[in-house]
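Peer 1: Supplied in structure tokens, the structure appears directly below.
Each value in this text was obtained by applying a stated rule to the coordinates, not by laboratory testing. Computed from a predicted model, the values in this text were never measured in an experiment. No Cβ is skipped: glycine too gets one built from the backbone with ideal geometry, and neighbour counts run over all protein chains shown.
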Amino acid sequence: MFLEPLTLPPDRVIPGGLLTELTALYGSQRDFHALSGDFPDPDDIRPEQVAAALADDLADPDSEVLLARDEQRLAGIAITLAHHPDPADPDPWIGLLMIDAGSQRHGLGRRLASLVEDRFRAEGRTAVRLAVLENNPGGLAFWTALGYRHLAHRRDRQWGRPCTVLRKRLD
């Protein structure tokens, strides 16, 4: 597996083939989207909805959208944030880590998380944070198995959903 940053062409539009791949990836995670409420109908995720969901991240200079490819196939996506909006928070964040549902339980999520952590280590970062929706016990189990530890409970900044904030030291 390797990571490639998603960079947009000058017209700032995700190329059609890539948007098709991303839509299939997002659509494969029906159960997660039903929990998160990110899409109006988790059984019918459309390309324009995926493009809209990624638009803010792609426009934010502190965000990075990383495509995880496994033998040229889009296997997952990670969205990172170099700096949290709260100036008291010194750590970078993983905003989203998603693996194609058909590839889950094969270690790809662990590999993707490790690659993201390695990128932060290479930048000299000493820890990373993320938030897991409190109605997602599977997500919480995944991240705690990777060594992330409970830091706080709070609501997410965008939708006010209850979350558990986790942190992992990277040394």
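Peer 1: Along region 7-21, what does the Karplus equation 6.51 cos²θ - 1.76 cosθ + 1.60 (θ = phi - 60°) give for ³J(HN,Hα), rounded to whole Hz, x for Gly and Pro?
Peer 2: Once θ is set to phi - 60°, the couplings for region 7-21 become 10, 8, x, x, 7, 6, 10, 5, x, x, x, 5, 4, 4, 4 Hz.
Peer 1: Amide H to amide H under 5 Å from residue 76: which residues, 5+ apart in sequence or cross-chain, H placed 1.01 Å off N in plane?
Peer 2: Long-range HN contacts for residue 76: 68, 100.
Peer 1: Once you have all Cα-Cα distances for the chain, histogram them in 10 Å bins from zero and send the whole-percent values.
Peer 2: Over the chain, the share of Cα pairs per 10 Å bin runs 9, 39, 41, 11, 0 percent.
Peer 1: Next question. Mind checking region 75-171 for chymotrypsin sites (Phe, Trp or Tyr not before Pro) that DSSP puts in a loop (not H, G, I, E or B) and that have at most 12 other Cβ atoms within 10 Å?
Peer 2: Passing both the DSSP loop test and the Cβ count: 159.
Peer 1: Still on this structure: To the nearest 0.05, how large is the calculated FRET efficiency for residue 62 and residue 110 if R₀ is 25 Å and r is the Cβ-Cβ distance?
Peer 2: Using R0 = 25 Å, I get an efficiency of 0.45.
Peer 1: List the trypsin sites (Lys or Arg not before Pro) within region 67-171 that fall in a DSSP loop (any state other than H, G, I, E or B) and whose Cβ has at most 13 other Cβ atoms within 10 Å.
Peer 2: 105, 157
Peer 1: Return the loop-located GluC sites (Glu not before Pro) in region 13-101 (DSSP other than H, G, I, E, B) with at most 15 other Cβ atoms within 10 Å of their own Cβ; answer none if there are none.
Peer 2: Loop-located and lightly packed - 71.
Peer 1: Count charges around residue 112 for me, please; just the other residues with Cβ under 14 Å from its Cβ, Lys/Arg as +1, Asp/Glu as -1.
Peer 2: Spelling it out: positives minus negatives among the neighbours equals 0.
Peer 1: What distance in nm separates the two pseudo spin-label positions at residue 82 and residue 149, each 7 Å out from Cα along the beta-carbon direction?
Peer 2: Here the answer is 2.8 nm between the modelled labels.
Peer 1: Still on this structure: To the nearest whole percent, what portion of all C-alpha pairs in region 1-70 is separated by more than 14 angstrom?
Peer 2: 62
Peer 1: What is the Å³ per residue value for the convex hull set by the Cα atoms of region 105-171?
Peer 2: Taking only Cα atoms, region 105-171 has a hull volume of 96 Å³ per residue.
Peer 1: Please give, to one decimal in nm, the separation of the simple spin-label points placed at residue 135 and residue 24, each 7 Å out from Cα toward the Cβ.
Peer 2: Each label point is offset 7 Å from its Cα along the Cβ direction, giving 3.0 nm.
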